[in-house]
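Novice: Below: one structure in structure tokens.
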Amino acid sequence: MKTAQDVILAPVITEKSYSEVENGKYTFKVAPSASKTEIADAVEKIFNVKVLSVNTSNFDGKIKRQRYAFGRTPSFKKAIVTIDTKGNGSEYLAKGGKTTKVKATYKTSIEEFGFNQ
């Protein structure tokens, strides 16, 4: 059983990923063996947000050279997680036919890594 910290390794902070924060998309480096459902559960557990979708991509390591020796940088997996930025609560009918509103229990942004909207 993987813990949430074993699935999410680090945030990816680049110009492109930072510009997508306005749309509710956050980029993370994740464990190569993690599935999309594991990634979604880990982000929801760590950051207390509602995950709408997860897109993943695998990257092979690049070939680097130091003088005459060739080597490879490590390969990694990146996940782009879309969260719910609306934060709408839900409504339901209570006893007597009265409409009751429930506030959203999730946050609408992730502030832990400097991602503020």
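Novice: Can Lys29 be described as within 22 Å of Glu111 (Cβ to Cβ), of a type in the set (Lys, Arg) and in contact with a Phe, Trp or Tyr (Cβ under 9 Å, 6 or more places away or on another chain)? Spell out how you get there, then give the answer.
Specialist: Numbers: within 22 Å of Glu111 (Cβ to Cβ): yes; of a type in the set (Lys, Arg): yes; in contact with a Phe, Trp or Tyr (Cβ under 9 Å, 6 or more places away or on another chain): yes.
So Lys29 passes the test.
Novice: Quick one: in region 43-99, which of the residues that are free of Cβ contacts under 8 Å to residues at least 24 places away in the same chain, of a type in the set (Lys, Arg) and assigned to a loop (DSSP other than H, G, I, E, B) is nearest to Ser109 (Cα to Cα)?
Specialist: Lys86
Novice: Can you find, within region 1-10, the residue that is nearest to Ile83 (Cα to Cα) among those that are surrounded by fewer than 16 Cβ atoms within 10 Å (Cβ to Cβ) and touching a helix residue (DSSP H, G or I) at 6+ places or on another chain (Cβ under 9 Å)?
Specialist: Looking at the filtered set, the residue picked out is Ala4.
Novice: Tally the residues that are at pLDDT 95 or above and basic (Lys, Arg), restricting the search to region 74-101.
Specialist: 2
Novice: Report the residue count in region 13-37 for those that are surrounded by fewer than 19 Cβ atoms within 10 Å (Cβ to Cβ) and in a helix (DSSP H, G or I).
Specialist: The qualifying residues number 10.
Novice: Would you say Ala4 is of a type outside the set (S, T, N, Q) and modelled with pLDDT under 95? Steps first, please.
Specialist: Details: of a type outside the set (S, T, N, Q): yes; modelled with pLDDT under 95: yes.
Taking the combined requirement at face value, the residue satisfies it.
Novice: Across region 44-57, what is the total count of residues that are surrounded by 16 or more Cβ atoms within 10 Å (Cβ to Cβ) and modelled with pLDDT under 95?
Specialist: Number of matching residues: 6.
The values are calculated or read from the model by the stated rules, or taken from the named source; none is laboratory data. Every value quoted in this text rests on a predicted model; they were computed, and no experiment measured them. With ideal geometry, Cβ positions are generated from the backbone for all residues, glycine too; neighbour counts draw on all protein chains shown.
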